[in-house]
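Here the structure comes first, spelled out in structure tokens, and everything after it is commentary.
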Amino acid sequence: MGLAGAMSDVSNYMGKREYIYSKNRDSSHGDRASQKGNAVRDLFFELVQEEREELEERIKSGDSEPRYQIGASSFTETEWKKLIKSVDDVQEEMRKAAERERELQKEMQQKKEVQESKLCIIVYDADGIRCVEAETGICRWFIKFTDNTQYSKVKEYMDGMAADSSPALPLNEGFWQGLLLS
């Protein structure tokens, strides 16, 4: 009788040692393979018996919950709830971290814009309008006027900004192109 037969006998007869040993006596006693098979059966029986006793003890003490197979693992309801809570906690932390990252990026962008506005000057004349870096004098962009009405629009806008109590000139080239095309 092979290991599969022994396993079948154990599960069919609810692990009675006498039943397994009586089956073993029927096979040839003297040869080495038979002794090895008996040792394997004995080990298997002991492992099954230990697991059974542990399970009985947990049931008697009321410490046993039903287990549900989920993929390759099985969980009690308590274990499952604990696992889901830990996953939810990790997701919440990731959401908070992403929100903090967005806030930091927004703050850095605002600081960058403020810094750029302090370092640039908007200059205009009859030829066009340009953004010039204050420290280096390098022209970041230049828009050539196509007619005198564009010069008038820029002058009017700049005069309005000068009357404002806290003028902050837009440094974005797209803003000025939009103003000139309107």
**Prompt:** If we scan region 101-114, do we find a residue that is more than 30 Å from GLU135 (Cα to Cα), in contact (Cβ under 8 Å) with a residue 12 or more places away in the chain and out of contact with any helix residue (DSSP H, G or I) (no Cβ under 6 Å at 6 or more places or on another chain)?
**Reply:** no
**Request:** Would you mind stating whether GLU133 is at pLDDT below 90 and closer than 30 Å to ARG67 by Cα?
**Result:** no
**Request:** Give the residue that is most open to solvent (accessible area, probe 1.4 Å), with candidates limited to residues of region 39-74 that are among the basic types (Lys, Arg) and at pLDDT 85 or above.
**Result:** ARG52
**Asked** Got a sec? Which strands (runs of 3 or more DSSP E) wholly within region 75-182 have at least 1 residues that are open to solvent by 70 Å² or more (accessible area, probe 1.4 Å)?
**Response** 120-124, 139-144
**Fill in**
Pairing a residue in region 159-182 that is modelled with pLDDT under 70 with any residue that is surrounded by 12 or more Cβ atoms within 10 Å (Cβ to Cβ), where Cβ atoms lie under 6 Å and the two sit 6 or more apart in sequence or on different chains, gives PRO167/MET161
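The values are calculated or read from the model by the stated rules, or taken from the named source; none is laboratory data. This structure is a prediction, so every number in the text was calculated from the model and none was measured. As a convention, Cβ positions derive from the backbone with ideal geometry for all residues, glycine included, and neighbour counts pool all protein chains shown. Side chains are part of the model used for accessible areas, which takes the heavy atoms of the whole protein and leaves out ligands, DNA and RNA. Shrake-Rupley method; radii C 1.70, N 1.55, O 1.52, S 1.80 Å.
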